[in-house]
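Notes follow the structure.
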Amino acid sequence: MEIKIPEVGESVYEAEISHWHKNDGEQVREGDLLCELETDKISLEINADADGILRITTQEGETVKVGAVIGTIEEGEEKSAEEQQEQQEQQEQQEQQEKQEKQEKQEKQEKEEKEEKEEKEEKEEKEEKEEKKPAEKEKKAAPKSGAAEKTPAPPEDEERSTRKPMTSIRKRIAERLLAARQQTAMLTTFNEADMSRVLALRKKNQESFEKRHGVKLGLMSFFVKASVEALKEFAEVNAAIDGDDLIYHHYYDIGIAVGGEKGLVVPVLRDCDHLSFAEIEQGLAAFVDKIKNNKLEMADLQGGTFTITNGGVYGSVNSTPILNPPQSAVLGMHAIQERPVVREGQIVIRPMMNLALSYDHRIIDGRQAVSFLKRVKDLVEEPEEMLLEM
């Protein structure tokens, strides 16, 4: 039975074998975890589909195309207890030998480094003695003051730079980001929102909200709700280009950029126009849990008509978020800062957030982009309108 790289969804064409959990020639059972794969979006696990002997043909660190064979399971060749014991003993001997060789290599390297260090110190001491006499003569001849000391050069063996090859995943991410800039006419417009009412609303209802729904009331649900209302008014922001056609989406699947150990991923909340604040927060919490436990599925990342990213969680106060093709726009949230603003002729301190909307100018005109972002700002500054669905 062949072990193949499974099809995991659109826009994923290859995967890197990050780790084999079983060894070549090892007896495996149906359902056993064989290996882990890495794509530019998610991690995947491959389990055994049958009992048999594992034969590995592709090693860890190699990148292969979707559908490629990375090994086989030889069915009907179950090993006897004696054979399994013999294989285990051979494996233990091999591991012991590798351990011994590694230790010997390390000892040899340490010995060579010690000898090299002693030789270097001896050479430096000799050079110092040779330079001492002329230096003393120069010191006598030179004026007593006014001479600048020479800055010592860094040691020749000091590593000031390290070169590492890019992983296949990093290469794929780089390609996609570059394509987003080269294949769209991306522009960014900015605004700022007074977060006073949202923060007051959260503070007042946080305890009861968490007790009732099991999740905290965050900022993201307010921006998801505001974005959906604005998308209903500005259809181009929820559209995409397909060849010579414009595809207008009449549903609102919002991608939420979430940072993980392996980089940024954008899981998608479906039909956000039908979700309550609690359902949005519960959906986000579920995604975060999946990312932490490496359980995010390809279906969680597919589709999406609009994206929201929050650089504020990392301390960013302003940025130009990059488009997530084929979507035509992305909203950037940022850190809240207390700033002086003018209200009714008076200078007051308010918690302000900078907002950024990057958009594809091929689809969205500047007037539409500015108006869309202004609508989001207005809804966030008066959240009661969203709560009452006015």
- Could you say which residue among Val198, Val237, Val228 is out of contact with any strand residue (DSSP E or B) (no Cβ under 8 Å at 6 or more places or on another chain), among the β-branched types (Val, Ile, Thr) and farther than 30 Å from Leu44 by Cα? Val198
- Message: For the stretch 285-390, give me every one of the helices (runs of 4 or more DSSP H) that falls completely inside it and has 3 or more residues that are of a type in the set (Gly, Ala, Ser) and either touching a residue at least 40 places away in the same chain (Cβ under 8 Å) or closer than 18 Å to Asn191 by Cβ (or both).
- Response: 366-381
- Query: Of all residues in the stretch 68-101, which are at pLDDT 90 or above and either closer than 30 Å to Thr167 by Cβ or polar (S, T, N, Q) (or both)?
  - Reply: Ala68, Val69, Ile70, Gly71, Thr72, Ile73
- Among the residues of the stretch 314-333, write down those that are surrounded by fewer than 15 Cβ atoms within 10 Å (Cβ to Cβ) and more than 16 Å from Leu373 (Cα to Cα). Tyr314, Gly315, Val317
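Could you tell me whether Asp194 is in contact with a helix residue (DSSP H, G or I) (Cβ under 9 Å, 6 or more places away or on another chain), of a type in the set (Asp, Glu) and at negative phi?
Working: in contact with a helix residue (DSSP H, G or I) (Cβ under 9 Å, 6 or more places away or on another chain): yes; of a type in the set (Asp, Glu): yes; at negative phi: yes.
Here the answer is yes, as Asp194 does meet what is asked.
Select from the stretch 52-76 the residues that are of a type outside the set (Val, Ile, Thr) and buried (at least 17 other Cβ atoms within 10 Å of the Cβ) and write down the one among them that is farthest from Lys171 (Cα to Cα). Explain how you work it out, then say what you get.
Narrowing the stretch 52-76 to residues of a type outside the set (Val, Ile, Thr): 52, 54-55, 59-62, 65, 67-68, 71, 74-76.
Keeping just the survivors that are buried (at least 17 other Cβ atoms within 10 Å of the Cβ) gives 52, 54, 71.
Numbers: Gly52: 36, Leu54: 31, Gly71: 25 Å.
Per the criteria, the residue is Gly52.
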- Message: Quick check on this structure: which one of Ile241, Ile291 is surrounded by 14 or more Cβ atoms within 10 Å (Cβ to Cβ) and within 24 Å of the chain's Cα centre (by Cα)?
- Response: Ile291
- Taking the stretch 259-279 only, how many residues are outside any strand (DSSP E or B), without any contact (Cβ under 8 Å) to a residue 60 or more places away in the chain and of a type in the set (A, V, I, L, M, F, W, C)? 3
- Message: For the stretch 160-185, which positions are surrounded by 10 or more Cβ atoms within 10 Å (Cβ to Cβ) and in a loop (DSSP other than H, G, I, E, B)?
- Response: Met166, Thr167, Gln183, Thr184, Ala185
- Note on the structure: Within the stretch 198-245, residues in contact with a Pro (Cβ under 8 Å, 6 or more places away or on another chain) and not in a helix (DSSP H, G or I) come out as Ala240, Ile241, Asp242
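The values are calculated or read from the model by the stated rules, or taken from the named source; none is laboratory data. This one's a predicted model, so the numbers in the text were calculated from it and none came from an experiment. Reconstructed Cβ throughout: ideal geometry from the backbone, glycine too, with neighbour counts over all protein chains shown.
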